[in-house]
Every structure is written in C-alpha cells, then in structure tokens.
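The values are calculated or read from the model by the stated rules, or taken from the named source; none is laboratory data. Remember, predicted model here, so these are calculated numbers, not experimental data. Positions of Cβ are backbone-derived with ideal geometry, glycine not excepted, and every protein chain shown enters the neighbour counts.
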Amino acid sequence: MSNKEIIDQILKLRNISVLRSGVEVLDNISIEVNKGDFVGLVGPNGGGKTSLLLTILGELKPLKGDVIVYGHEPACRHNSGMVGWVPQMDDNRRDKVDQAIKMVGLIGMEDVDISRLSGGQIQRAVIGKALASESDFLLLDEPLVGVDRSSKNSLLKLLDDLCHHHGKTIIMVSHDLTAVTQSTHRIIYLEKSIQFDGPSKELPDLNDLAKIRGIVDPHSTHIHTHTTKLKTGDV
Ligand SMILES: Nc1ncnc2c1ncn2[C@@H]1O[C@H](COP(=O)(O)OP(=O)(O)OP(=O)(O)O)[C@@H](O)[C@H]1O
Ligand SMILES: [Mg+2]
C-alpha cells in the first residue's frame, strides 16, 4: 500500500462481528471508506446501522475482526476529535445530545437550553455543530428526520459540498432512499451482513431488494388480510 493510500483511507473494517446482549447484530462486515467519500448507509429497522456507527466510534467492541480509523483503533489519542457524530433522534434524544456534545466536543451547545428547542431545531443545531467542528469524518445517524423539506435540501447540498470540495468524509444513515440515492455516490445496504455495497445509481430497486431479503409480495399469496403496504422509497 502506498503512503497516499494510507493517508486517504479513513476507515477500514475487516471481517467484524458484533454482539449486543449476546445476539449477533453484525456478521462479518468488511468496509473501506476513503477521504471524500459520501456513503449512504441504509437497511431495515434493527439491521445494525446504529450498531455499526457505534463500533466505528469505539462504543461497541467487535467480537471478531478489526476496526481501523485513521490508521488506528477507534477512540484512541491518534484520532480523537477527528470523528464527528450526530446521533439518531428518538425518545432518549436529550441524553444522546449530551453524549454527543461530550464525545465530539460541540463547544457552545452547553449554553443552549435544549429543553426549549423543538426536535427539528435540536437536530439542526447538532448537525450544525458537527459540521462546524474540526472533525473530518462525520457519522450522521438519520440526520434528515424531523427536518423540513427546504432545510433537508440545503443540508444535502452542504454535505455533498463538504465531501467534494472540503475533503470531509461522511457516512449518513437514512430511511429516505430517494434522498440517499440522489445525494450520496455509494450506498451500503445493511441487514446484519452487507447485502449491497456499490454506486448509489446501481442500488437494486425495491422489488429486487425484497427478493434479496426474502420478502414475499402480499398480493401474490392467497391469504386475505389487510396488509399495510410499505411506503415506496422508504426502507
Ligand atoms: N442497547 C441495546 N442492547 C441490546 N441490543 C440492542 C441495543 N440496541 C439495539 N440492539 C439490537 O441490535 C440490533 C441492531 O440494532 P440497531 O439499532 O443497530 O439497528 P438500526 O439499523 O440502527 O435500526 P433503526 O433503523 O431502527 O435505527 C437490533 O436487533 C436491536 O434490537
Ligand atoms: Mg438506528
């Protein structure tokens, strides 16, 4: 490997498996991410997206395999401050905001009374701080949730610009397949193991993905039930 390749390689996961509460949630994952990559991480609920980001952050330790961030193990002094994190919005959001502020050093947020902000405002503040930080490698866990359409579009444009012109590297989790396909250049589809990793434009369509995942079209069966159809474009 040449020096340039070493410098340009931001992340290398080699055959990692991760257990949570004794259950394997990530199975034999290998991923390489290089400087300037804008990667979309998609997949069903419980597919392991957040667990993968927590493994990169060093919060979860893999049972097997290697995690290498900027040439070193995660969360060590060689790469501290270089990885920014926007956690997933859920009921524990405020705890997670505190955790994120501590982990990525979002200076200034300590003074904001977050109990007075809406979910979307918190989301935008956290993203803004992560983008403004020194971190060159950003892990964004569903940053588009709760953000209105015009903010979503400007955020995606900004992220694209950061990767292409400012040398940032981004992994973005989202269930919004349309937004991910249009903004990222590479998509990883994760369901415990990697089902697809390639150019965004080559992501199989939802029918083919369903076949890969073993999902049967409810209309092709003879069971008469009222089935809620999944919204096209979301996974
Ligand atoms: N704190 C936890 N303790 C034990 N198991 C957990 C914990 N958090 C998640 N899991 C399990 O790990 C698996 C992967 O969950 P994870 O949160 O990584 O999925 P995800 O792809 O981020 O899902 P979502 O799209 O719903 O955010 C699931 O089976 C989940 O039940
Ligand atoms: Mg998640």
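Remarks
- For PRO74: the one exception among (1) more than 11 Å from ligand 1 (Cβ to nearest atom); (2) touching a Ser or Thr at 6+ places or on another chain (Cβ under 9 Å); (3) closer than 25 Å to VAL235 by Cβ: (3)
For (1) at pLDDT 80 or above; (2) surrounded by fewer than 17 Cβ atoms within 10 Å (Cβ to Cβ); (3) among the basic types (Lys, Arg); (4) under 30 Å from ILE16 (Cα atoms), each residue gets a yes or a no:
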{"position": "LEU139", "(1), (2), (3), (4)": "yes, no, no, yes"}
{"position": "GLY146", "(1), (2), (3), (4)": "no, no, no, no"}
{"position": "ILE187", "(1), (2), (3), (4)": "yes, no, no, yes"}
{"position": "SER200", "(1), (2), (3), (4)": "yes, no, no, yes"}
{"position": "LEU203", "(1), (2), (3), (4)": "yes, no, no, yes"}
{"position": "ILE215", "(1), (2), (3), (4)": "no, yes, no, yes"}
{"position": "HIS224", "(1), (2), (3), (4)": "no, yes, no, no"}
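- Check on ASP66, more than 16 Å from ligand 2 (Cβ to nearest atom), modelled with pLDDT of 95 or more and of a type in the set (D, E, K, R): yes
- The stretch 45-74 residues that are closer than 17 Å to VAL173 by Cα, paired with ones that are basic (Lys, Arg) (beta carbon under 7 Å, 6 or more apart): GLY47/LYS192; GLY48/LYS192; SER51/ARG20
- Members of the stretch 29-70 found to be of a type in the set (S, T, N, Q) and away from ligand 1 (no atom under 15 Å from the Cβ), listed by number: SER30, ASN34
- Residue check: GLN88 meets all listed conditions (1) at pLDDT 95 or above; (2) within 16 Å of ligand 2 (Cβ to nearest atom) but one, namely (1).
- Verdict on THR169 being modelled with pLDDT of 75 or more, polar (S, T, N, Q) and either touching a strand residue (DSSP E or B) at 6+ places or on another chain (Cβ under 7 Å) or surrounded by 14 or more Cβ atoms within 10 Å (Cβ to Cβ) (or both): yes
- Top-ranked residue of the stretch 1-23 - restricted to ones that are surrounded by fewer than 15 Cβ atoms within 10 Å (Cβ to Cβ) and at pLDDT 95 or above, ranked as nearest to ligand 2 (Cβ to nearest atom): ARG20
- Selection within the stretch 6-38 - in contact with a Gly (Cβ under 7 Å, 6 or more places away or on another chain), of a type outside the set (Gly, Ala, Ser) and not in a strand (DSSP E or B): ILE6, LYS35
To keep it simple, each residue is scored yes or no on (1) closer than 15 Å to HIS185 by Cβ; (2) more than 16 Å from ligand 2 (Cβ to nearest atom).
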| residue | (1), (2) |
| --- | --- |
| ASP27 | no, yes |
| SER30 | no, yes |
| VAL33 | yes, yes |
| ASP37 | yes, yes |
| THR50 | no, no |
| GLY58 | no, yes |
